[in-house]
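Here is the structure we will look at, set down as structure tokens.
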Amino acid sequence: MATITSGQSSETDRNAASPAGDLRADARHRTVLQVAKLATERGDELCILRNVSAGGLRAEVYCQLAVGDPVQLELRTGRGMAGRVVWASGSSIGVAFDRKVPILSYLAHQAMQELGRRVRPPRVRIGEPGILRLPEGDFLAAIVDASQAGMRIRSDRKLSAGTECKVVGEGLGERGALVRWCRDGEMGVQLKQPLSFREFAQWRTKVKSLLTSLN
């Protein structure tokens, strides 16, 4: 979880991404359970956007970030915002953008796109070993990347689209899935039951904790 690594942030920093600054800072659009991709110097993760304005935002995270850390945030449409962490408390962080962005237009554009077509959930790189469970047995695989709805898996098994399987991973448990495509030693699978943000966070936290204990 995010932790505070410096003293109290300034009033300006708080206004960039704090509920207390809603009436003092620029107009803020509240988003609830708006999942976005969070790119940090230590890798990509997911986050939930809370309060968002042209100058910054507040987000819920499950990875450790410190004041001053640079971050990149990406919406489901691919629109991105760069900034730095200005405060961190518990599982929440405040981010001040490097420059003003038309965030309301970004979110409105995303809503229009979602009405017209299926927009892929944010996807992050995983790079962890796993098991592909099939009726004929278990086979070693690698989870290349994942979203809450599906995964890209590297395996020497050649499966047809529509094949049912199960994906097993440390902290992930056993997840039923359906093969959507298979080519060049990789396959895309859709989870029968999408991961909630909390489940995704627990999976990623478990893996990171395990890797830390092994180092």
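A short reminder: the numbers here are calculations on the coordinates, not readings from a lab. Since the model is a prediction, treat every value here as computed from it, not as a measurement. Here the Cβ is made from the backbone with ideal geometry for all residues, glycine too, and neighbour counts use every protein chain on show.
Numbers below:
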| quantity | calculated |
| --- | --- |
| Stokes-Einstein diffusion coefficient of segment 132-171, Kirkwood radius over Cα pairs, 20 °C, 1.002 mPa s, in µm²/s | 195 µm²/s |
| HN-Hα J in Hz across segment 200-207 - Karplus 6.51, -1.76, 1.60, θ = phi - 60°, x for Gly and Pro | 4, 5, 5, 4, 5, 5, 4, 5 |
| Segment 32-104, relative contact order [Cα under 8 Å, separation at least 6], % | 29 percent |
| More than 20 angstrom apart: percent of Cα pairs within segment 53-187 | 58 percent |
| Rough spin-label spacing in nm, given labels placed 7 Å along Cα→Cβ, for Glu199 and Thr77 | 2.9 nm |
| Trypsin sites (Lys or Arg not before Pro) restricted to segment 65-101 and DSSP loop, no more than 16 other C-beta within 10 Å | Arg99, Lys100 |
| Lysines with Cα under 21 Å of Lys192, excluding same-chain neighbours fewer than 8 positions away | Lys158, Lys166 |
| Among 178-189, 61-72, the order from most to least packed when residues are scored by Cβ within 10 Å on average | 61-72, 178-189 |
| Enclosed volume per residue, in Å³, of the convex hull spanned by Cα atoms of segment 49-109 | 74 Å³ |
